[in-house]
Amino acid sequence: MKLITAIIKPFKLDEVKEALKDIGVTGLTVSEARGFGRQGGHTELYRGAEYSIDFMPKVRLEMVVADREEVERIVNVLAAAARTGKIGDGKVWVSEVEWLVRIRTGEMNDDAI
Amino acid sequence: MGLLAAGPGPGRGMGTMPELSAGDTAWMLIATALVLFMTPGLAFFYGGMVRAKNVLGMLMQNFFAMGLLGVLWAVVGFTLAFGNFGDGGWIGNLGWLGLKGVGPTTTILGQGHPISLSLTIPFILFATYQMTFAIITPALITGATADRFKFSAYAIFIGVWLIVVYAPVAHWVFGGGWLAQLGALDFAGGAVVHINAGAAALALCLLLGRRRGWPKELMHPHSLPWTLIGTGILWFGWAGFNAGSALSANGVAAQALYNTFIAASAAMLGWLLVERIKDGKATTLGAASGAVAGLVAITPCAGFVSGMSPIVIGFATGMVCFLAISLKYRFGYDDSLDVVGVHLVGGLMGSILLGLFADKAVNSAGADGLLFGGGPTLLGHQVVASLAVFTFSFVVSLALAKALDLTIGIRVSQDDEQEGLDLSQHAESAYSVS
């Protein structure tokens, strides 16, 4: 089993979700994140005091998929949907999942996907 | 207050109470509620500006003030401020301890004294109206001491401060004490409330020291929407604060209402103009702060000026207070939410400018300022009153806080400050996930 994790720009979430649904991805977890890579932050102003905010709001997506599925295809569809061409688009990475359990039934691994 | 009459009280026979005016009473009932609402408004005005881990700490300090100071005012504060009314002196007495003798009928305060006040509203209403001022004045200090004042020390401090600082100063001005007799004017509390609280705020933030990480660390407002709601409540409630200080539903109250609202408007524009030029953007916090600065400045002037004067006073104060808030960086004191920059400086602006713009045609109980044919006399009185209130409040507040610091300590521990006041002082969390 593989864990696909992506950090994307928040306004792209809807587009990515629809694109993934279209190719049959059935489960997804989304969380709010902050981050920066090459994208610079911005400056905020409060009563004359300037604050440099390095971290940009991002969205983290996570999904666990079976080894037999087309991990490569999912990653490509995700990246295409999330891409704007400007700095700060984010990253996608794939890692190995050792063990998976469906909490409701106790099913494990491939039966839990 | 607009109704003080200089000279011995009206020549009525003893025991004749002034007639109760239904109109005045109705208005003052509402004005009292409006001013009380300003303390929760202040709580959110400040609360939105602190970090999330400290928001309950800020709200608690302000709401607790409504509890403690209300009771203390009834028991001993009112009589210390308004006893010996009109004696031209320094403090009241204990004649109305526990509001004994303060009831539903009208009365004449200070009959036979150099200054007297003939009420057309129930005496108990007058006392309650004054209570709302007594509650919010110490609460103003909380902005300067944000994020690091130990709650137990704060609770004791404001209770004692009400009695040893607020009550005397209120007596000097509102109670017909020596500043009133001198001829200084303060319609709704530019000195009694703003210079007073501002001076105490300065003393306290100097003694408490800076927040850990200030000024380098990022400590931006966690919820400007709260701050803006608070601003709206303050602006709205100030109608009761200033127009209610006429103690009547009459022309002076109406003029005060207009002056109050227009000064806020003009001050917002003044602040935003300087902010836009200096920092490149007009901010929501700037709009809110500018409006409040104008409201502060017009407070002493509200029932004594008219025409373009409140616009000039407001606009000038908006600009000056914007520049004043950078003083804390220049001199290195952590006046966290700019109580000194807005309330002390704004209060001074209003009190001094009143010496220029006061117009006896607006209110016969007032005087003429420098620009209205009165010469420098009133201006001189205003400077004396401002200096006297500032000095007294600063010194006594500093001494009181120091005494507390030497006994129970006034600053939270480093760990508690890091964790945040909400958890460390109150075992609460404002924004739980579930």
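The values are calculated or read from the model by the stated rules, or taken from the named source; none is laboratory data. These figures come from a predicted structure and were not determined experimentally. Please note: Cβ atoms are built from the backbone with ideal geometry, for glycine as well, and neighbour counts cover all protein chains shown. Side chains are part of the model used for accessible areas, which takes the heavy atoms of the whole protein and leaves out ligands, DNA and RNA. Shrake-Rupley method; radii C 1.70, N 1.55, O 1.52, S 1.80 Å.
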- Task: Quote the relative contact order of the stretch B:276-377 in percent (integer), defining contacts as alpha-carbon pairs under 8 Å separated by 6+ residues.
- Result: 29
- Message: Students often forget the sequence filter, so: which lysines lie under 21 Å Cα-Cα from B:K150 once same-chain residues fewer than 8 apart are removed?
- Response: B:K53, B:K402
- Overall dimensions of the stretch B:386-434 as given by Cα atoms, namely Rg and Dmax in Å: 16.6, 52
- Message: Cut-off under 20 Å on the C-alpha distance; same-chain residues fewer than 8 positions from A:K58 excluded. Which aspartates and glutamates are left, in chain and number order?
- Response: A:D14, A:E15, A:E18, A:E32, A:E44, A:D89
- With all protein chains present and a 1.4 Å probe, how do A:K2, B:K402 order by accessible area, largest first? B:K402, A:K2
- Which of the residues in the stretch B:271-313 lose at least 40 Å² of accessible area when you go from the chain alone to all protein chains together (probe 1.4 Å)? B:D279, B:L285
- Message: If I take all pairs of Cα atoms in the stretch B:207-312, what percentage of them are more than 23 Å from each other?
- Response: 40
- Note on the structure: Beyond 22 Å, the calculated P(r) of the stretch B:352-434 holds a percent of Cα-Cα pairs equal to 59
- Query: Can you give the charge dipole size of chain B about its Cα centre, rounded to the nearest 20 debye, using +1 on the beta carbon of Lys and Arg and -1 on the beta carbon of Asp and Glu?
  - Reply: 360
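Could you order A:V94, B:V274 so the one with the most accessible surface comes first? Probe is 1.4 Å.
Accessible-area ranking of A:V94, B:V274, largest first: A:V94, B:V274.
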- Solvent-accessible area buried by pairing B with A, both sides, nearest 100 square angstrom, 1.4 angstrom probe: 1100
- Message: Just to confirm the number: angle between the C-alpha axis of helix B:224-242 and the first principal axis of chain B, 0 to 90 degrees, nearest 10?
- Response: 10
- Task: Provide A:D110, B:D335, B:D415 ordered by accessible surface of protein heavy atoms (probe 1.4 Å), highest first.
- Result: B:D415, A:D110, B:D335
- Query: What nm distance separates the two modelled labels at A:N109 and B:D279, each placed 7 Å from Cα along Cα→Cβ?
  - Reply: 6.0
- Task: Measure off, as a whole percent, the carbon and sulfur share of the 1.4 Å-probe accessible area of the protein assembly as shown, all protein chains present.
- Result: 62
- How about the stretch A:74-113: which GluC sites (Glu not before Pro) there are in a DSSP loop, with at most 13 other Cβ atoms within 10 Å of their Cβ? A:E98, A:E107
- Query: Taking only protein heavy atoms and a 1.4 Å probe, what accessible area per residue, in Å², does chain A have with all protein chains in place?
  - Reply: 65
- Note on the structure: Longest chain B segment clear of GluC sites (Glu not before Pro) sitting in DSSP loops (not H, G, I, E or B) with at most 15 other Cβ atoms within 10 Å runs B:218-427
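Using only alpha carbon positions, build the gyration tensor of the stretch B:52-102, then give the equivalent ellipsoid semi-axes as the square roots of 5 times its eigenvalues, largest first, whole angstrom.
Details: eigenvalues 200, 30, 6 Å².
Those come to 32, 12, 6 Å.
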- Going by alpha carbons, how many degrees (0 to 90, nearest 10) lie between the helix axis of B:251-279 and the longest principal axis of chain B? 30
- Item | Peptide-level mean, for B:317-328, of C-beta atoms on other protein chains within 10 Å | 1
- Message: On a straight-distance basis, which aspartates and glutamates could pair with A:K2 in a cross-link, Cα separation under 16 angstrom, same-chain partners fewer than 8 positions away excluded?
- Response: A:E62, A:D67, A:E69, A:E70, A:E72, A:E96, A:E98, A:D110, A:D111
